[in-house]
1. For region 198-212, what are the residues that are within 14 Å of the ligand (Cβ to nearest atom) and more than 25 Å from L305 (Cα to Cα)?
2. Please determine, by comparing only the residues of region 35-78 that are buried (at least 22 other Cβ atoms within 10 Å of the Cβ) and touching a Ser or Thr at 6+ places or on another chain (Cβ under 8 Å), which one is farthest from A237 (Cα to Cα).
3. Which ones in region 167-179 are surrounded by fewer than 21 Cβ atoms within 10 Å (Cβ to Cβ), of a type outside the set (D, E, K, R) and in contact with a strand residue (DSSP E or B) (Cβ under 7 Å, 6 or more places away or on another chain)?
4. Check off (1) touching a residue at least 12 places away in the same chain (Cβ under 8 Å); (2) of a type in the set (D, E); (3) within 11 Å of the ligand (Cβ to nearest atom) for E188 and give me the number that stays unchecked.
5. Taking A259 and the conditions (1) under 30 Å from R198 (Cβ atoms); (2) crowded, with 22+ Cβ neighbours inside 10 Å, which numbered condition does it fall short on, given that it satisfies the others?
6. L128 versus (1) under 14 Å from the mean Cα position of the chain (by Cα); (2) part of a helix (DSSP H, G or I): which is the lone unmet condition?
7. Quick check on my filter: what residues within region 28-77 are away from the ligand (no atom under 16 Å from the Cβ), touching a helix residue (DSSP H, G or I) at 6+ places or on another chain (Cβ under 6 Å) and either within 18 Å of K138 (Cβ to Cβ) or in a helix (DSSP H, G or I) (or both)?
8. I need every pair where a residue in region 79-106 that is more than 12 Å from D174 (Cβ to Cβ) has its Cβ under 9 Å from the Cβ of a residue that is more than 15 Å from the ligand (Cβ to nearest atom) and basic (K, R), sequence separation at least 6 or different chains.
Amino acid sequence: YVGFGFLFSGQPAAQDEELVEEERPYVLHFSHVVAENTPKGLAAERFAEAVQEKTDGWVDVRIYPNGVRYNAQEEFDALKENEVQMIAPAFSEITRHDPNWYIWDLPYLFSDEAEVQEAFEGELGGELFHSIEQRGFKGMVFWDNGFKQITLDRSFVIYPEDAVDSRFRVMPSDVLHETFERIGGTTETYPFNEVYQRLGSGEIDGTENTLSNIYSKGFYRHQDFLTLTDHNYLGYAVLMNPSFWKDLPPAHQEAVNEALEEATAWLREESAALNEQALYQLRYQEHMHIYDQNELEKAQWRRALQPLYEKYSGIIHEDVMEALPAAES
Ligand code: LMR
């Protein structure tokens with residue numbers, strides 16, 4: 001091939017430049033909003049290292065943590081525009097783009113990690129990736145974080161009425177708004193990065209999040225009460241820009257898939273321990289009161305929130321509802 005650059009410029013150097021351009025490694029920009037020492041932050045780093053190693057640096061993964069480039073909703077536009085090639089948003093953020101993902105926000109849907117894993121690996125995971133693909137995002141894998149807990153400045157939230165008149169920050173999912181509204185609270189959907197400051201200024205009274213997020217972002221500094229409710233599972237979908245993926249040579253695709261598999265397996269092993277460590281740190285804070293909600297108390301929430309199940313099973317596609325493991329129970 002004799003490049004046109006050579007013919008038009010009359011300089012062989014132009015041809016060389018073209019080759020250098022072609023051989024430049026693929027750069028995969030990966031944006032996420034949490035701290036680096038969290039389940040998602042650490043899995044992202046593992047993934048990047050594994051890709052680097054498997055492709056001898058030909059695929060260069062650059063991570064932007066802590067929402068330094070985009071907040072969670074902006075990430076979806078950036079992915080569509082191919083400004084970033086990979087994101088790993090929390091399920092509740094995806095509901096703004098695909099209502100079928102509301103399913104994760106139904107309160108007390110999963111009672112332990114094993115049930116969540118079954119959902120990731122089974123029909124539910126498949127249905128949801130199929131659904132998000134119709135909306136222009138390529139679903140790669142599910143990543144773990146853990147169950148959400150509730151923090152509040154003035155009291156525990158053990159019974160539904162304990163939330164009355166408190167303002168909670170939630171992610172932008174209608175199910176989450178309605179959950180708190182049904183029990184007499186109100187909600188705000190500030191981006192994750194703003195939560196610490198909004199707690200400090202008193203614009204919100206409480207939060208719901210995983211222990212690793214509550215600890216790593218310092219929310220606990222403004223909160224005296226932590227109720228261990230485990231009311232929803234907070235997990236992530238790793239999403240890619242479909243054209244970037246399609247244009248990646250098959251050997252690189254394979255390397256990316258293998259690296260994702262390794263990071264996912266590592267996270268599955270470690271995410272619960274990372275949240276446990278955060279709980280340990282929180283127990284150390286003198287001002288923090290911690291209460292572990294029991295099954296009878298959880299049952300009261302379930303009763304109070306039952307109408308959400310009825311409403312959203314009419315909004316979430318029936319194929320997705322039916323894909324729930326043990327949907328008959
Ligand atoms: C949030 O509360 O916005 C988070 O759960 C963010 C995340 O990605 O964990």
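1. Residues satisfying the conditions are R198, L199, S212.
2. Here the residue is T38.
3. H177, the sole residue that qualifies.
4. With respect to (1) touching a residue at least 12 places away in the same chain (Cβ under 8 Å); (2) of a type in the set (D, E); (3) within 11 Å of the ligand (Cβ to nearest atom), E188 is out only on (3).
5. Failing condition for A259: (1).
6. Of (1) under 14 Å from the mean Cα position of the chain (by Cα); (2) part of a helix (DSSP H, G or I), only one is false for L128: (1).
7. R46, A50, V51, K54, V59, V61
8. From residues that are more than 12 Å from D174 (Cβ to Cβ), the pairs are H97/R135; D98/R135.
The values are calculated or read from the model by the stated rules, or taken from the named source; none is laboratory data. Owing to the predicted nature of the structure, the values given are computational and were not obtained by experimental measurement. Neighbour counts are summed over all protein chains in view; Cβ atoms, including those assigned to glycine, are modelled from backbone coordinates with ideal geometry.
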